[in-house]
1. I need the shape label for the range 1-55. Rule: rounded when a/c is under 1.5, else prolate if a/b > b/c, else oblate, with a, b, c from the alpha carbon gyration tensor.
2. Out of Ile94, Met104, Gly40, whose Cα points farthest toward the positive end of the dipole of the chain (charges: +1 Lys, Arg; -1 Asp, Glu; placed on Cβ)?
3. Which label belongs to the value computed from this structure, given these candidates for volume of the Cα convex hull per residue in Å³: [x] 73; [y] 85; [z] 96?
4. Nearest 10 degrees is fine. How inclined is helix 89-113 to the longest principal axis of the chain, computing both from alpha carbons?
5. In degrees, nearest 10, range 0 to 90: what is the angle between the Cα axis of helix 58-85 and the longest Cα principal axis of the chain?
6. Note down the nm distance, to one decimal, between modelled labels 7 Å out along Cα→Cβ at Asn32 and at Val106.
7. In deg cm²/dmol, rounded to 500, what helix-only [θ] at 222 nm does the chain give when every DSSP H run of at least 4 residues adds -39500 (n - 2.57) and the total is split over its residues?
8. Return the FRET efficiency for the residue pair Val98, Ile66: r is the Cβ-Cβ distance, R0 is 22 Å, and the value is rounded to the nearest 0.05.
Amino acid sequence: MKPNIFLIIVSVLIATLAGYGFYAANSGENFNLLLSLGSGLTFAITLIGTLGIKPKERAGNVNFKIISAIFFILFLISNLIFGFTGMSVAPYIIVNGVILLIYMIVGYGIIKSKE
């Protein structure tokens, strides 16, 4: 895997701005800080996978980027649902944690299968 430092920094900055957007949109909610930190973290991980990391094999590169983009959209939908429905903390942590672990397993499988 070959990291691109500039694109990793841009990915983290985009995720930080998205996290702040969730913070600003849900300023009166109980778990506002958790939602903004969770969304920023999940967006950063998937955006780094989409933009900032390039696997060695071309086929693995395309598959990894597509999976990262799909999970980014999945996290965006999940965070929008949790942000605007006002659900409690436990379901948010469990759902986003399971989605993140599935992303990591699938990404690891793609990278290891192409080596």
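1. Working: a/c = 4.70, a/b = 2.87, b/c = 1.64.
In terms of gyration-tensor shape, prolate.
2. Positive-most Cα among the choices belongs to Met104.
3. Step by step, volume of the Cα convex hull per residue in Å³ for this structure corresponds to label [x].
4. Its long axis makes an angle of about 0 degrees.
5. 0
6. In this crude spin-label approximation the distance works out to 3.3 nm.
7. -27500 deg cm²/dmol
8. On the way: r = 20 Å, r/R0 = 0.93.
Approximately 0.60, to the nearest 0.05.
Since every read-out is calculated from the coordinates, none of them should be taken as a lab result. For clarity, every value in this text was computed on a predicted model and none was experimentally measured. Glycine gets a Cβ as well: all are built from the backbone with ideal geometry, and neighbour counts include every protein chain shown.
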